[in-house]
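Asks: Got a structure here, written out as structure tokens. Questions coming.
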Amino acid sequence: MTNVDLLIERGSFPNAWARAVRTVMRDGKQIEFGGKIKGKEQYEKKGAMDIDLNIVLEGNAIKEAINGKLHPQFPTKEKVLAGYLKEWERGYDWRKQGFTYCYENRIENYPDNKYCLDGTENDIIDQWKLAKEDLAQQIETGIQSNRNVIVIGNPSIDRFEIPDSPPCLREIWIRHEGNHKVSVKWFFRSRDLFSAWQTNVIGLLSAVKREVTDPNDCEIIQVIDKNHSLYIYEGDWKVAREVTLLPYNPHGK
């Protein structure tokens, strides 16, 4: 059974990652997991330390994430981050890269009733547009809503067309909290904490700001990062145990 934990970070985005790494290595459960190898009958199996962890970002931690501040011990560096951010741009050619799906494409071209492999504009839904309009309605009416949800998963595709590579990100939830302040929640079914978490958060925030909150002149004041399985692979355990917290001065001096 997976352990469940909560981590709240207001001061430092890099330290949110460092504290999460420490939490997983201290309180996580050792598991062996994997899935079917693409194009083969064999199954992969990897050792990992795993936990169900919700990470709350507020204040300066959100500002640092928006500015792309990485922990110096985070293995994914600025050059790789820049490449990952391109995957969140509209019109990104994910097929050319050989990917089986792309989060951005799932959001801006979500299939309505069927999956449009030819890329036409028929039977697709632009969820960014709907989310932007929903937030504008919340602001105009003064009525908050729990219905502004962007979905990523699609069972007809993920269970049958690409069962060896279903999306890890499942949904994004956005609500107006008054005075042009917004809270955002997103949910991952599975996620590599050590090598991917910081870039995931930065990419998601960049897209939500561009498509939803900035057009409505809103500020993101809280991010709740929900993970059913936040893990660290066995091969990363040694360096994960060496991760340290960065000095932080709340007055910026």
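Asks: Quick check: is even one residue across region 140-162 under 26 Å from residue 218 (Cβ atoms) and touching a residue at least 60 places away in the same chain (Cβ under 8 Å)?
Replies: no
Residue-wise test of (1) at pLDDT below 95; (2) over 24 Å from residue 205 (Cβ atoms); (3) not in a loop (DSSP other than H, G, I, E, B).
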{"position": "96", "(1), (2), (3)": "yes, yes, no"}
{"position": "99", "(1), (2), (3)": "yes, no, no"}
{"position": "118", "(1), (2), (3)": "yes, yes, no"}
{"position": "132", "(1), (2), (3)": "no, no, yes"}
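Asks: Identify the residue in region 42-78 that is aliphatic (A, V, I, L, M) and not in a strand (DSSP E or B) and, among all such residues, is surrounded by the fewest Cβ atoms within 10 Å (Cβ to Cβ).
Replies: The first filter runs over region 42-78 and keeps only residues aliphatic (A, V, I, L, M), leaving 48-49, 51, 53, 55-57, 61-62, 65-66, 70.
Narrowing further to those that are not in a strand (DSSP E or B): 61-62, 65-66, 70.
On the way: 61: 24, 62: 22, 65: 26, 66: 15, 70: 20.
The qualifying residue surrounded by the fewest Cβ atoms within 10 Å (Cβ to Cβ) is 66.
Asks: Take residue 187 and tell me if it is open to solvent by 80 Å² or more (accessible area, probe 1.4 Å), free of Cβ contacts under 8 Å to residues at least 60 places away in the same chain and aromatic (Phe, Trp, Tyr). Working first, answer last.
Replies: Values: open to solvent by 80 Å² or more (accessible area, probe 1.4 Å): no; free of Cβ contacts under 8 Å to residues at least 60 places away in the same chain: yes; aromatic (Phe, Trp, Tyr): yes.
No: the conditions fail for residue 187.
Asks: Just a yes or no: is a residue in region 163-180 assigned to a helix (DSSP H, G or I) and surrounded by fewer than 19 Cβ atoms within 10 Å (Cβ to Cβ)? Before you say what the answer is, go through the steps one by one.
Replies: Residues of region 163-180 assigned to a helix (DSSP H, G or I): none.
Checking region 163-180: not a single residue is assigned to a helix (DSSP H, G or I) and surrounded by fewer than 19 Cβ atoms within 10 Å (Cβ to Cβ).
Asks: To continue, here is another question. Within region 212-221, is there a residue that is touching a Pro at 6+ places or on another chain (Cβ under 9 Å), open to solvent by 10 Å² or more (accessible area, probe 1.4 Å) and farther than 24 Å from residue 90 by Cα? Give the derivation first.
Replies: Taking region 212-221 and keeping what is touching a Pro at 6+ places or on another chain (Cβ under 9 Å), we get none.
Checking region 212-221: not a single residue is touching a Pro at 6+ places or on another chain (Cβ under 9 Å), open to solvent by 10 Å² or more (accessible area, probe 1.4 Å) and farther than 24 Å from residue 90 by Cα.
Asks: Ok, one more. Collect the residues in region 1-24 that are open to solvent by 20 Å² or more (accessible area, probe 1.4 Å) and of a type in the set (A, V, I, L, M), keeping them in residue-number order.
Replies: Listed by number, the residues that qualify are 1, 4, 6, 8.
Asks: Using the structure shown, decide if residue 225 is modelled with pLDDT of 95 or more, among the charged types (D, E, K, R) and not in a helix (DSSP H, G or I).
Replies: Working: modelled with pLDDT of 95 or more: yes; among the charged types (D, E, K, R): yes; not in a helix (DSSP H, G or I): yes.
So residue 225 passes the test.
Asks: Being surrounded by 17 or more Cβ atoms within 10 Å (Cβ to Cβ), part of a loop (DSSP other than H, G, I, E, B) and either modelled with pLDDT under 95 or over 14 Å from the mean Cα position of the chain (by Cα) (or both), is that true of even one residue in region 154-161?
Replies: Among the residues of region 154-161, at least one is surrounded by 17 or more Cβ atoms within 10 Å (Cβ to Cβ), part of a loop (DSSP other than H, G, I, E, B) and either modelled with pLDDT under 95 or over 14 Å from the mean Cα position of the chain (by Cα) (or both), which makes the answer yes.
The values are calculated or read from the model by the stated rules, or taken from the named source; none is laboratory data. What you are looking at is a predicted structure, and each value in this text was computed from that prediction instead of being measured. Note that we place each Cβ from the backbone using ideal geometry, even for glycine, and neighbour counts take in every protein chain shown. Protein only, heavy atoms only, side chains kept; ligands, DNA and RNA dropped before computing areas. Shrake-Rupley method; radii C 1.70, N 1.55, O 1.52, S 1.80 Å.
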